[in-house]
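Note sheet for the following structure.
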Amino acid sequence: MSALIETTPQMDLVTQDIEHLVEELHSYHAIYSPLFQRREQREAAHTYLQGLLATLPRKSIEPMVLMVDGAASKAVRAMQAFISEGQWNDERLLHQHWKEVETDLGADDGVLMVDGSDFPKQGVHSVGVKRQYCGELGKRANCQAGVFVGYVSSQGYTVLDRRLYVPTEWLTDDAYAERRRQCGMPSDITFKTKPALAQEMLAAVVKSQALRCRWVVADEAFGGNPGFLDGVAGLGLWYFAEVPHTTRVWDERPATHVPPWRGRGRRPQRQRLVEGAPEARTVFGVAAALPAAAWTRHTIKEGSQGPMVAEFAAIRVLAVRDALPGPDVWLVLRRHVETGELKTYLCNAPVDTAVETRVRMSGMRWPIETCFEDSKQLLGMGDYEVRSWTGWQHHMTLVILAHFFVVRMSLRLKKSPGSDVAPGRDGVGDGLAPPRV
């Protein structure tokens with residue numbers, strides 16, 4: 001059996017009764033408090049975080065406020081206004097959040113994870129809602145679609161940023177004009193694909209210089225978009241992206257030329273493949289043609305699934321860009337030894353990148369899926385009932401902060417002497433039990 005290659009430790013996070021979190025949450029909230037303009041906003045943010053961390057079956061605004069502030073109808077309306085219409089800057093909070101993530105999780109080889117997460121919704125009035133493929137349900141359904149960037153290192157993982165995907169008809173169809181107005185959608189919003197939204201977030205993280213990062217991992221919804229991959233490379237990052245089996249590559253760089261001018265029409269300027277140049281092959285075809293000796297077996301640990309044994313192969317290839325040869329990249333192949341399932345990846349890391357590193361990167365996407373699962377099950381990520389553009393942004397920002405709060409508490413408890421005993425469970429002291437967010 002080959003040596004086990006670790007990805008990142010599974011974080012078994014659990015939120016406990018809010019009474020055990022009060023002191024720690026006050027200190028955490030104080031980091032972000034100066035970024036709100038008014039005292040009422042600071043207090044509302046603290047209340048909302050308390051509600052997200054509470055042990056409630058559903059974490060929409062009313063039950064959260066009633067649990068924290070009691071039966072005060074004015075408080076519920078005030079919180080609805082704070083989330084749906086509040087004039088506070090999400091970006092300032094998120095930039096501070098990235099600095100906090102650097103403190104606890106930052107690493108030179110930090111990995112930015114890109115993925116989508118969808119939110120089933122009833123009705124047609126929530127911003128960006130449409131009948132479209134919903135990953136949570138595994139079928140087409142009425143939902144909102146979000147794009148997220150997370151961060152993972154050997155210390156743990158969390159979410160960094162979010163964008164709402166807005167279908168093109170919401171922005172161009174006159175029939176949606178009234179809905180846009182009711183949702184408070186800014187007039188300067190233009191249509192952006194999910195890969196474009198992800199690229200926007202990655203660029204913001206890199207530009208901030210708040211958080212060390214080296215890699216970007218993504219599934220084929222993003223890896224299948226050459227513009228996204230080139231954008232990641234343009235940021236100075238190394239991508240390790242799953243791509244469809246139909247993705248084409250060349251084994252060697254094919255010859256190209258600018259066709260000679262034939263004396264009529266416009267003079268050719270664009271490179272073309274020379275006649276007789278070999279055709280690019282699909283990555284599936286490349287994998288099928290490899291000899292048995294090209295594959296090596298490795299054991300990799302992927303989250304709650306535990307150790308998984310797979311065969312890996314990697315070769316240098318030429319990516320295809322507009323039917324012409326593009327950048328030199330790694331084609332990494334992973335084949336499950338029991339099921340035979342084949343995963344295909346493109347990676348722009350240097351030629352001398354260690355085999356173990358490439359194997360590890362193939363297992364670095366599960367943490368963001370765990371972040372979604374935990375945030376939806378324990379932190380009310382999908383329980384919001386606001387419909388506005390501002391409300392979606394504000395809610396997701398505070399969920400991201402709540403998630404990292406529990407991650408931070410979990411890490412600090414693990415480092416504390418005697419942290420194997422959950423505070424508050426043995427009658428000694430108060431605190432956060434070893435979490436599972």
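For Glu40, the criteria (1) open to solvent by 20 Å² or more (accessible area, probe 1.4 Å); (2) within 25 Å of Cys371 (Cα to Cα); (3) out of contact with any Leu (no Cβ under 7 Å at 6 or more places or on another chain); (4) acidic (Asp, Glu) hold in every case but one, which is (2).
Just name the residue that is most open to solvent (accessible area, probe 1.4 Å) out of those in segment 69-100 that are free of Cβ contacts under 8 Å to residues at least 40 places away in the same chain and closer than 17 Å to Tyr384 by Cβ. Out of the qualifying residues, it is Arg77.
Per the conditions (1) assigned to a loop (DSSP other than H, G, I, E, B); (2) at pLDDT below 95; (3) over 19 Å from the mean Cα position of the chain (by Cα), the sole criterion not satisfied by Phe191 is (2). What are the residue pairs meeting all of these: first residue in segment 151-169, first residue of a type in the set (Ser, Thr, Tyr), second residue modelled with pLDDT under 95 and part of a loop (DSSP other than H, G, I, E, B), Cβ atoms under 8 Å, and 6 or more apart or on different chains? Within 8 Å, the pairs are Ser153/Thr8; Ser154/Glu6; Ser154/Thr8; Ser154/Pro9; Tyr157/Thr8; Tyr157/Met11. The residue pairs whose first member lies in segment 237-258 and is without any contact (Cβ under 8 Å) to a residue 24 or more places away in the chain and surrounded by fewer than 17 Cβ atoms within 10 Å (Cβ to Cβ), whose second member is in a strand (DSSP E or B) and of a type in the set (A, V, I, L, M, F, W, C), and whose beta carbons are closer than 9 Å, counting only pairs six or more residues apart or on different chains, are Ala255/Leu273; His257/Leu273. Whenever a residue of segment 356-369 is more than 16 Å from Ala221 (Cα to Cα), its partners that are among the basic types (Lys, Arg) and open to solvent by 30 Å² or more (accessible area, probe 1.4 Å), lying with C-beta atoms within less than 8 angstrom and at least six residues away or across chains, give the pairs Gly363/Lys301.
The strands (runs of 3 or more DSSP E) falling completely within segment 275-377 include none with 1 or more residues that are open to solvent by 20 Å² or more (accessible area, probe 1.4 Å), on the phi > 0 side of the Ramachandran plot and not charged (D, E, K, R).
Note on segment 315-367: residues that are polar (S, T, N, Q) and either closer than 26 Å to Pro254 by Cα or at pLDDT below 95 (or both) amount to 4.
The values are calculated or read from the model by the stated rules, or taken from the named source; none is laboratory data. Only a predicted model underlies this, so the values are computations on that prediction, with no experimental measurement involved. Glycine also receives a Cβ, built like all others from the backbone with ideal geometry; neighbour counts cover every protein chain displayed. For accessibility, only protein heavy atoms count, side chains too; no ligands or nucleic acids. Shrake-Rupley method; radii C 1.70, N 1.55, O 1.52, S 1.80 Å.
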